[in-house]
Amino acid sequence: MDFSLSPALQELQARVRQFIAEEVIPLERDPRQTPHGPTEALRQELVAKARAAELLTPHASREMGGLGLTHVEKAIVFEEAGYSTLGPTALNIHAPDEGNIHLMEVVASDEQKQRWLKPLVSGHTRSCFAMTEPPPGAGADPSMLTTTAVRDGDDYVINGTKWFITGAERAAFAIIMAKMEDGSATMFLSDMDRPGIELVRTMDALDTCFTGGHGVLRFNDLRVPATDVLGEIGKGFRYAQVRLAPARLTHCMRWLGQARRAHDTALEHARTRQAFGRTLGEHEGVGFMLADNEMDLHTARLHIWHTAWLLDQGQRCNFESSRAKVVCSEAEWRVVDRSVQILGGQGVTHETIVPRIFADMRAFRVYDGPSEVHRFSLGRKLVAGRTDHSVAKGERA
């Protein structure tokens with residue numbers, strides 16, 4: 001594995017770093033940020049800046065209007081974008097749209113790509129991914145799916161409730177996971193303004209970084225034409241893995257940028273703040289925390305690059321992406337937690353960006369599968385001897 005950056009990728013990295021520093025970070029205290037994420041007006045302003053800089057939606061294919069980045073190239077760009085809490089929003093690489101774009105490029109029909117995917121890639125619309133349900137429905141165990149889809153003529157009629165649906169408020173369309181009469185799962189595409197979709201409420205959450213917040217959706221006899229099935233009937237769980245394996249990794253990439261931002265903030269404070277006759281950084285306790293931060297950042301980056309490299313070889317990486325999700329989410333969380341400690345009073349007030357990152361990142365150990373579920377899955381695969389990766393056929397999962 002050669003992780004040296006080509007001159008072109010170094011230039012792209014520098015462009016993104018400069019864009020984030022000059023165009024995005026100055027907006028981090030913009031009053032249009034709400035407890036449920038940036039307003040649509042702020043999102044559109046950020047997207048317009050990225051569009052003008054030719055950095056918008058870089059992970060999408062060139063055919064769809066993106067830069068067609070490989071997974072390793074995404075690791076570089078997404079980390080730089082993640083250095084600001086608003087960076088992923090600006091570049092249109094935030095969840096859930098980033099994962100939905102990847103999924104639809106692999107699975108959607110040409111007609112569906114023109115209708116839903118192209119406006120999403122261009123930053124003119126947002127989407128949501130409706131799979132998680134309140135108890136007793138699907139959460140970390142997707143097999144507990146309770147939302148149903150029943151064929152009725154040329155339509156499917158969908159009923160059920162979803163919650164913690166990121167970006168639900170003002171999303172243009174949803175990808176809905178529903179259980180079929182035979183117990184299999186299918187994904188459906190639906191405009192959010194169709195009769196039968198109700199946004200019940202927006203949930204209060206620790207994080208405030210996602211436009212549209214996290215919503216509770218209710219489907220009451222929602223009619224979806226059979227032409228709006230995403231992919232094939234009964235393959236919903238398979239497609240979920242097509243989406244989730246890379247999406248877990250891109251979460252790691254973005255949050256690595258934020259962890260680096262927290263560390264840089266704490267490091268600068270440790271270099272200049274005086275206590276007991278010397279700078280904080282000269283005290284062994286603080287120096288050890290800074291050293292641990294550096295090691296955790298490096299460990300997370302290596303896991304990201306290694307798994308991204310495997311994906312670029314066309315290999316299935318469910319085991320590796322689960323491992324990276326746990327290692328990175330916990331390592332990056334430790335970096336931010338230590339940074340709060342080093343900053344002292346500034347770490348627990350909003351004098352710096354670090355407490356905002358702290359609140360946003362805590363949920364990362366839950367998103368796309370809690371650490372405990374990934375450990376459970378990894379352990380079972382280890383015992384069964386199913387840890388080797390194989391070349392995928394027609395898809396990357």
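Things to note:
- Whenever a residue of the range 138-157 is not assigned by TED's automatic domain parsing to the domain that holds Asp368, its partners that are exposed (fewer than 14 other Cβ atoms within 10 Å of the Cβ) and aliphatic (A, V, I, L, M), lying with C-beta atoms within less than 7 angstrom and at least six residues away or across chains, give the pairs Ala138/Met144; Asp154/Ala226; Asp155/Ala226; Tyr156/Ala226.
- Within the range 334-355, none of the residues are touching a residue at least 12 places away in the same chain (Cβ under 8 Å), over 25 Å from Ser84 (Cβ atoms) and either outside the structural domain of Pro246 (by TED's automatic domain parsing) or out of contact with any Asp or Glu (no Cβ under 8 Å at 6 or more places or on another chain) (or both).
- Selection over the range 121-137 of residues that are in contact (Cβ under 8 Å) with a residue 40 or more places away in the chain and more than 18 Å from Ile197 (Cβ to Cβ) gives a count of 3.
- Evaluation of His298 against (1) over 30 Å from Gly139 (Cβ atoms); (2) in a loop (DSSP other than H, G, I, E, B) (one fails), failing number: (2)
- Looking only at the range 53-79, residues that are under 17 Å from Ile25 (Cβ atoms) and of a type in the set (Gly, Ala, Ser) come to 1 in all.
- If you go through the range 263-304 and keep only what is free of Cβ contacts under 8 Å to residues at least 60 places away in the same chain and of a type in the set (Val, Ile, Thr), you end up with Thr272, Thr279, Val286, Thr299.
- Scope the range 298-328; condition within 27 Å of Leu280 (Cβ to Cβ) and small (Gly, Ala, Ser); matching residues: Ala300
- Selection of the range 64-102 for residues being in contact with a Pro (Cβ under 9 Å, 6 or more places away or on another chain), part of a loop (DSSP other than H, G, I, E, B) and among the hydrophobic types (A, V, I, L, M, F, W, C) yields Leu67, Leu69, Leu86, Ile93, Ala95.
- Residue match in the range 360-372 (condition: surrounded by 12 or more Cβ atoms within 10 Å (Cβ to Cβ), within 22 Å of Arg334 (Cα to Cα), of a type in the set (Val, Ile, Thr) and modelled with pLDDT of 95 or more): no
- Complete set of residues in the range 13-54 that are within 21 Å of the chain's Cα centre (by Cα) and closer than 30 Å to His306 by Cβ: Gln13, Val16, Arg17, Phe19, Ile20, Val24, Ile25, Ala50
- The residues of the range 311-350 that are of a type in the set (D, E, K, R) and within 15 Å of Arg254 (Cα to Cα), listed by number, are Lys325, Glu330, Glu332.
- All of Met180, Met203 fail the test of being among the hydrophobic types (A, V, I, L, M, F, W, C) and surrounded by fewer than 16 Cβ atoms within 10 Å (Cβ to Cβ), apart from Met203.
- Residue check for Val336: surrounded by fewer than 22 Cβ atoms within 10 Å (Cβ to Cβ), among the β-branched types (Val, Ile, Thr) and in a helix (DSSP H, G or I): no
- Of the strands (runs of 3 or more DSSP E) contained entirely in the range 129-234, those carrying at least 2 residues that are in contact with a strand residue (DSSP E or B) (Cβ under 9 Å, 6 or more places away or on another chain) and among the basic types (Lys, Arg) fall at 214-225.
- Filter pass, Arg194 being of a type in the set (D, E, K, R), within 30 Å of Cys317 (Cα to Cα) and in contact (Cβ under 8 Å) with a residue 24 or more places away in the chain: no
- Sole residue being more than 28 Å from Arg115 (Cα to Cα) and out of contact with any Gly (no Cβ under 9 Å at 6 or more places or on another chain), chosen from Val77, Val72: Val72
- Among all residues of the range 241-262, there is none that is free of Cβ contacts under 8 Å to residues at least 60 places away in the same chain and either closer than 23 Å to Pro355 by Cβ or surrounded by fewer than 23 Cβ atoms within 10 Å (Cβ to Cβ) (or both).
- Out of Arg151, Arg170, sole residue that is within 19 Å of Pro96 (Cβ to Cβ), of a type in the set (Lys, Arg) and surrounded by fewer than 24 Cβ atoms within 10 Å (Cβ to Cβ): Arg170
- Answer from Val373, Val383, Val366 - the residue that is without any contact (Cβ under 8 Å) to a residue 24 or more places away in the chain and closer than 22 Å to Arg238 by Cα: Val366
- Of all the listed residues (Glu105, Glu54), the sole one being among the acidic types (Asp, Glu), modelled with pLDDT of 95 or more, in a helix (DSSP H, G or I) and not assigned by TED's automatic domain parsing to the domain that holds Arg362 is Glu105.
- Evaluating His124 against the criteria (1) over 30 Å from Asp264 (Cα atoms); (2) part of a helix (DSSP H, G or I); (3) not small (Gly, Ala, Ser) leaves one unmet condition, (2).
The values are calculated or read from the model by the stated rules, or taken from the named source; none is laboratory data. These numbers were taken from a predicted model, which means no experiment stands behind them. We place every Cβ from the backbone using ideal geometry, glycine too, and count neighbours over all the protein chains shown.
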